[in-house]
1. Just want to confirm a number: the relative contact order over the chain, from Cα pairs under 8 angstrom separated by 6+ residues, in percent.
2. For Lys229, list the lysines whose Cα falls under 22 Å from its own Cα; do not include residues on the same chain fewer than 8 positions away.
3. Using a 7 Å offset from the Cα along the Cα-to-Cβ direction at both Arg95 and Glu79, what is the distance between the two label points in nm, to one decimal?
4. Using +1 on the beta carbon of Lys and Arg, -1 on that of Asp and Glu, and nothing else charged, what's the dipole of the chain about the Cα centre, debye to 20?
5. When the Karplus curve 6.51 cos²θ - 1.76 cosθ + 1.60 is applied with θ = phi - 60°, which whole-Hz ³J(HN,Hα) does each residue of the stretch 48-60 get, with x for Gly and Pro?
6. Mind giving me the FRET efficiency for Lys209 and Lys32? R0 is 51 Å, r the Cβ-Cβ distance, nearest 0.05 is fine.
7. Could you calculate the FRET efficiency of Lys247 with Ser144 from 1/(1 + (r/R0)^6), where r is the beta carbon distance between them and R0 is 51 Å, rounded to 0.05?
8. Going toward the positive end of the dipole of the stretch 118-245, with +1 on Lys and Arg Cβ and -1 on Asp and Glu Cβ, which of Val119, Ala194, Ser220 do you reach last?
Amino acid sequence: MLEITHCREGRFEYDAGDQFFYLAKGDMAVCKSAGSGTAVYCPTGHYHGVSVIVDPALTPRCLSCFLADVRVKPAALLEKFCGENRYFIMRSTARLEHIFSELYTVPDDIRKGYLKVKVLELFLFLSSLDPALSQSGQRSCRKSQVELAKDVCRYINDHMDRKVTIEQLAAQFYVSPAQLKKCFYSVYGESIQAYIRAYKMRSAAHCLKTTDMSVAEIASAFGYDNSSKFSRAFREVMGVSPTECRKSIFLEH
């Protein structure tokens with residue numbers, strides 16, 4: 001199968017065995033796909049995107065039967081971008097955004113025909129690209145690097161009530177701070193400290209909405225000994241203060 005995936009939000013992981021590839025917001029990947037039963041992993045726990053999966057054996061040999069000037073073959077695209085099990089990764093561009101943005105807002109009454117036209121446009125766009133422009137090298141990690149980053153992430157999640165420094169984490173996993181930061185960023189697309197703060201604030205927001213704990217109690221539970229510092233960090237991540245977050249629950253009901 002020919003699989004074309006666009007990441008609209010979040011982060012998407014491709015497991016290629018010894019190498020792992022990552023899509024960030026606005027990126028596109030072209031690769032071979034089994035079509036079903038493929039394991040999907042989203043490192044940040046959040047992903048919104050679209051995948052177009054095509055079986056070249058079931059498509060016309062040439063799509064010019066639909067539009068005379070669309071002289072592209074899905075089988076040829078599969079070989080062009082995915083021969084020898086290659087992955088083609090393209091970073092976000094205005095042109096990519098234009099092509100895929102309309103796939104997310106297809107009117108129901110013209111959905112089938114509209115998608116046909118958009119997929120033909122996508123094929124034509126791919127036919128004009130040079131496979132040598134692939135960013136897969138810049139977006140790939142070795143399996144050992146990915147395993148380290150995920151082990152660190154699990155450790156962080158299990159110790160959210162503590163203040164954990166880069167140096168402590170590096171000592172815990174017997175690597176240098178520089179190596180640790182590089183591996184983590186490659187997989188999660190953000191620094192360890194940014195991840196910790198965002199995770200804590202999202203978890204704190206859940207506590208505000210589902211428990212009767214005071215703001216001070218929640219701040220303490222997530223390692224803040226000062227409610228003012230906690231409130232400032234919460235607003236920077238969530239866009240509202242802890243008090244406003246809690247009030248919004250009552251407004252919703």
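The values are calculated or read from the model by the stated rules, or taken from the named source; none is laboratory data. Note that the structure is predicted; figures quoted are calculated from it, not measured. Cβ: placed from backbone, ideal geometry, glycine included. Neighbour counts: every protein chain shown. All accessible areas refer to the heavy atoms of the entire protein, side chains included, with ligands and DNA or RNA removed. Shrake-Rupley method; radii C 1.70, N 1.55, O 1.52, S 1.80 Å.
1. Across the chain, relative contact order equals 16 percent.
2. Cα-Cα hits under 22 Å: Lys163, Lys200, Lys209, Lys247.
3. 2.4
4. Dipole about the Cα centre, nearest 20: 280 debye.
5. 3J(HN,Hα) across the stretch 48-60, in whole Hz: 9, x, 9, 10, 10, 10, 10, 9, x, 5, 9, 9, x.
6. 0.75
7. So the FRET efficiency works out to roughly 0.60.
8. Val119
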